[in-house]
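Here the structure is laid out as structure tokens; the discussion comes afterwards.
Each value in this text was obtained by applying a stated rule to the coordinates, not by laboratory testing. Nothing here was measured: the structure is a model prediction, and the numbers come from that model. Positions of Cβ are generated from backbone atoms using ideal geometry, with glycine treated the same way; all protein chains shown enter the neighbour counts.
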Protein chains: 2
Amino acid sequence: MIDPSRKVLRPDKINKAVLQARHEVRGVITMKAQEYEAQIRAAKAAGQPNPLPFDEIVPCNIGNPQQLKQKPLTYVRQVTALIEYPALMQTAPQAFPPDAIAHAKRLLDSGFISGAYTHSQGHPEIRKDIAAWTTRRDGVPCSPDSIFITDGASTGVKMVLNALIADQTSGIMIPIPQYPLYSASLSLFQGATVPYYLDESKDWALAPGELENAYKEAVKKGVDVRALVAINPNNPTGQVLPLDSMREIVRFCVGHGILLIADEVYQENLYEPGATFTSFRKIAHDLLGDDMVNKIELVNFHSVSKGFFGECGKRGAYFQLDGVLPAARAEFVKMCAINLCPNTIGQVVLDVMVCPPKPGDVSYETFWAERNSILASLKRRAQLICDAFNTMEGYHCCKPTAALYLFPSITLPEKAIEAAKAAGTLPDTFYCLEMLRETGITIVPGSGFGQRLGTFHFRMAFLPPEDQIAGMTGRMAKFHAAFMARYK
Amino acid sequence: MIDPSRKVLRPDKINKAVLQARHEVRGVITMKAQEYEAQIRAAKAAGQPNPLPFDEIVPCNIGNPQQLKQKPLTYVRQVTALIEYPALMQTAPQAFPPDAIAHAKRLLDSGFISGAYTHSQGHPEIRKDIAAWTTRRDGVPCSPDSIFITDGASTGVKMVLNALIADQTSGIMIPIPQYPLYSASLSLFQGATVPYYLDESKDWALAPGELENAYKEAVKKGVDVRALVAINPNNPTGQVLPLDSMREIVRFCVGHGILLIADEVYQENLYEPGATFTSFRKIAHDLLGDDMVNKIELVNFHSVSKGFFGECGKRGAYFQLDGVLPAARAEFVKMCAINLCPNTIGQVVLDVMVCPPKPGDVSYETFWAERNSILASLKRRAQLICDAFNTMEGYHCCKPTAALYLFPSITLPEKAIEAAKAAGTLPDTFYCLEMLRETGITIVPGSGFGQRLGTFHFRMAFLPPEDQIAGMTGRMAKFHAAFMARYK
């Protein structure tokens, strides 16, 4: 026991904004899972029998594909290995296809040095590649100067919110449910949260009038609404916004002079046949033409962590600005400069994401085969789990159409709600903790994302290997039946 | 021109704390250098003659060794390449020494996945290695749980200051001169800066009574002094604190209940014959014994960016806590969780830093030869530049003993000070801009680090390749003579 009497970092003295921030994706459930994992390991090391009713933790609390055995794309790793150790071009050329070597060479020749600080916004050649890719994707010109590479999208989101929130009256509209990075950042920067609710009965679409109502209510309270966060495809709901809703959001932002934050990191994770991604940039340009730079401020986010790359550990992401004043852009340059630069390997993976092998390149077929196999498998896994959920008492799960998550609602019996209260936890947290304790399956309670009062949900990343899905849903169903029997 | 009338991100609306932050290491001089670089490139691309009086920018504004041709350590890159693309162990085993393969295998076997989010504090096996190394270095036990790996030390420093600064009365003592990350973070988090001055006449040592005076003055103003930052070896002065000063700092912190932030990222950059690094952890333990956990809160920082690794682009660093309450530690875990995890390759490089090849390993001799060659060359370069400075009129430069920087004082003529005022810049900034304009050499004015009123300095990273040093100091001397002639 450390004597707390003379400590500075004591709960009563620590910055309250820090104390208040919450992030359930790596919160109480995850910590409990880490404890169980340590118990299993310790028993094994001591040659003793496993004290727990499961052999391993199944981490479905987070979209972390490679932790659950998704293989990295071969071409990505060939390029990063060559960048790290270019001598391999001479000592082991046979171990690499010529297009991977050419890719690494092109970056190295452009002055990219993986051991050096790059430009604070990221290496110019890589930003040029991202800008060209963005221009092609949207049919709307994009400048390399508008791109800011960061160590993961989380860093960028925090940077943008930090600049936007001047004081406690600065309001940010966030969807409910939302990815808790937004609520945590709003706590950290002490801004006003302005929630707008997605409509579960309409597959989590935007309900008519919802934005205006949320806005009016905030303004009535003296909030200066400055930005709206749209997460599309959505985390945690796994749904895609209809184009009409996207247009409504853009018009709403233009009408009220609100900056639009478009979190589009799941843009490659679409599972409906023929589905294609439409960016808010493209929608804004369709509606406003080239005058969009005067009519709206738009910041969009993308990342190598999701999609079919799943390179979460690389912390490679960027945000891109449209319609933002040069003076404001300069502030972001400065904020990036304080961190010196984003990590270089994350930058390389971003470059591969926007410059994948082309038809005719040696790696083309392998790359696309690996991609298609990952996405097809994700789709099958999502459907299998969703189907299993919809046979379970009191579960309702929307058809999985995007992202890496299912977000079923669960009807909890009164007695379970009382038991949770007695245990001092929220009912959905209670349910998730019980599931973890009995199955080792780690999920995140809906309260971590926000949900309508009296409803309960959890978020589950559908990432366990395909051959383990049936066993896992079987264990969940068995747990759930016993839970319901206990508390009915 | 974008119409500013309806914009949210406008200088009058942006968070003032963001607007006020300054970071001169990548500030006005660097931006000017980027402009010149673009001009040279554009002329070259257009087949036109270079419009500037120099052929290239010499970036001495930042400690970025590999940008100036320092080679990465071979073993480091062999391990990172193998981690990125483990298939090379089968397809190109001849391209790697067995110890590099064994190192990569050990990390992979411990469950390290470079494409996956790790534990928010960093991969457990790597933290175990860092803890064991720290224990050996200090002779003081260190737990892996006390280590927090971050994307560069800057991220960690900001995290610690964010928790420490509860409101505008929370004071942080920083040395003057200091690395501007601290002043920038104090602006961002709106804390009270409590400067303590280093004594240039004593080779930037701590003057007797300085800490107490600075503390008393702050307390008189109503400041709640919470932490003291010590940078040792020092950036920007390039000096090492005598052991007596370190003891004084520890006693001061213990006496007033102040948390000690020990920025020790230059601990491998020592140039005096026989010099060894002593950490604040060791000093605190020497003075306080095992009771140090009750008597002091100590956070120390280390990084792969400096030393002889110079792997700045990897953004691999950590901070380590001693005597910090579990409840406070939990807050850092949560703050890290909001960012999900530090980048994985930075973690691997950290592991190599604390587990270099051992005697008998195949890579042992090469590793140490590369290390010694880098450090010996840094020492020679520092001395050459320092000697040149001390022949220049009005320059005074302390003997370079550590880090990567020289921080000479310069006596500027009255007329130059007036010319700076007329140009609307500070005198030292004026001098640095003039030098950049005429020589392409990029340095950082002392005002970016803090200096006593009426004195002028600049910081120069002594990193240009050895064969270019004489030419560079020659150009600086020529510029300086002309500058003095112009303004005398």
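Some observations on this one:
- For segment A:283-290, putting each phi into the Karplus relation 6.51 cos²θ - 1.76 cosθ + 1.60 with θ = phi - 60° gives couplings of 4, 4, 5, 4, 7, 10, x, 5 Hz, in residue order, rounded to whole numbers and with x for Gly and Pro.
- Close amide H pairs (under 5 Å, H built 1.01 Å from N) link residue B:363 with B:99, residues at least 5 positions away or on another chain.
- Calculated FRET efficiency for the pair residue A:55/residue B:143, C-beta based, R₀ 22 Å, to 0.05: 0.20
- Antiparallel DSSP beta bridges within the protein assembly as shown, percent to nearest 5: 50
- Cα gyration tensor category, rounded, prolate or oblate, for segment B:145-220 with a/c compared to 1.5: oblate
- Distance between modelled label sites at residue A:477 and residue B:466, nm, 7 Å Cα→Cβ extension: 7.3
- Our compactness index for chain B, the C-alpha radius of gyration over the empirical 2.2 N^0.38 Å, is 1.01.
- Between copies, residue A:358 shows label-point distances of 5.1 nm, shortest first, with the point placed 7 angstrom from Cα along Cα to C-beta.
- Across the options A:223, A:479, A:266, the greatest Cα extent toward the positive end of the charge dipole of chain A (unit charges at beta carbon of Lys, Arg, Asp, Glu) belongs to A:479.
- The lysines whose alpha-carbon is closer than 20 Å to the alpha-carbon of residue B:105, local same-chain residues fewer than 8 away aside, are A:69, A:71, A:314, B:128, B:358.
- Modelled label positions at residue A:330 and residue B:176, each set 7 Å beyond Cα in the direction of Cβ, lie 2.6 nm from each other.
- Counting charges near residue A:72 (Lys, Arg +1; Asp, Glu -1) among other residues having Cβ under 14 Å from its Cβ returns a value of +3.
- Converting phi to 3J(HN,Hα) with the Karplus coefficients 6.51, -1.76 and 1.60 and the offset θ = phi - 60°, segment B:157-163 yields 4, 5, 4, 5, 5, 4, 6 Hz in sequence order, with x at every glycine or proline.
- Under 5 Å between amide hydrogens, built in the peptide plane, is the criterion, and for residue A:444 it picks out A:459 among residues at least 5 positions away or on other chains.
- Magnitude of the charge dipole for segment B:28-163, about its Cα centre and with charges confined to Cβ atoms of Lys, Arg (+1) and Asp, Glu (-1), is about 120 debye.
- Pairs of alpha carbons in the protein assembly as shown separated by more than 51 Å make up 18% of all such pairs.
- Magnitude of the charge dipole for the protein assembly as shown, about its Cα centre and with charges confined to Cβ atoms of Lys, Arg (+1) and Asp, Glu (-1), is about 600 debye.
- Amide H contacts of residue B:302: B:318, each under 5 Å away and 5 or more positions distant or on a separate chain (H built 1.01 Å from N in the peptide plane; Pro and chain starts excluded).
- Dipole magnitude of segment A:84-174, debye to nearest 20 (Cβ charges: Lys/Arg +1, Asp/Glu -1, about Cα centre): 140
- Label distances, nm, residue A:32 versus same residue in remaining copies, Cβ-directed 7 Å point: 6.0
- For residues of B:90-103, the mean tally of beta carbons on other chains within 10 Å: 2
- For chain B, share of DSSP beta bridges that run antiparallel, in % to the nearest 5: 50
- Whole-Å distance, taken between Cα centres, linking segment B:165-233 and segment A:214-293: 45
- Each other copy places its own label point for residue A:20 at 2.0 nm from this one, sorted shortest first, where the point lies 7 Å along the Cα-to-beta carbon line.
- Dipole of chain B, positive direction: furthest Cα of B:325, B:388, B:360, with charges on the beta-carbon: B:388
- Computed E for residue A:244/residue B:44 - FRET, C-beta separation, R0 45 angstrom, nearest 0.05: 0.35
- Spin-label model distance (nm) - residue A:74 vs residue A:105, 7 Å beyond Cα toward Cβ: 2.1
- Here's the list of aspartates and glutamates a cross-link from residue A:220 could span, going by alpha-carbon distance under 18 Å and ignoring same-chain residues fewer than 8 apart: A:167, A:210, A:212.
- Cβ-Cβ FRET estimate between residue B:212 and residue A:219, R0 fixed at 45 Å, reported to 0.05: 0.30
- Think of the protein assembly as shown as having a plus end and a minus end, set by charges on the Cβ of Lys, Arg, Asp and Glu; of B:57, A:169, B:175, A:169 sits farthest toward the positive end of this dipole.
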